[in-house]
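The structure under discussion appears below in the form of structure tokens.
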Amino acid sequence: MAPTDAHLMYERTLVNPGEFIIGVDEVGRGALAGPVCVGAVLLDAHAADDVPTGLTDSKLVSAANRAQLVPQIHSWCTAAAVGFASAAERVLTSFRPRSSARSS
């Protein structure tokens with residue numbers, strides 16, 4: 001699959017000026033097989049400049065290019081965060097007894 005640069009064309013039609021959107025990308029080894037890392041950015045779709053060149057799904061970008069994109073992403077977005085969870089943490093927080101979802 002060839003990389004396609006990200007854009008905000010659809011987001012700009014869905015939110016009003018001054019409203020924020022969150023872009024999320026994850027990498028991991030599947031639902032239960034291993035750790036997962038998630039990155040998220042917060043931005044005003046109307047105030048943000050064009051998406052940094054080369055920004056697309058992380059699986060389509062080389063490690064070297066991902067590293068080069070980090071400072072561009074931080075200067076482009078309003079806020080950014082990265083989270084990590086091991087497979088054990090994901091299993092413990094992903095499964096809840098059915099009774100906990102029921103209201104009494």
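A short reminder: the numbers here are calculations on the coordinates, not readings from a lab. Keep in mind it's a predicted model, so treat the numbers as computed, not measured.
Note the full-extension length gain between Ala64 and Glu89 as 0.36 nm times their separation in residues minus their Cα-Cα distance, in nm to one decimal. Write out the running numbers ahead of the final one.
Details: separation 25, 0.36 × 25 = 9.00 nm, distance 2.89 nm.
Roughly 6.1 nm would be gained on extension.
What is the extension gain from Phe20 to Ala81, computed as 0.36 nm multiplied by their sequence separation minus the C-alpha to C-alpha distance, in nm to one decimal? Don't skip to the end; give the middle numbers.
Numbers: separation 61, 0.36 × 61 = 21.96 nm, distance 1.51 nm.
Answer, rounded to one decimal: 20.4 nm.
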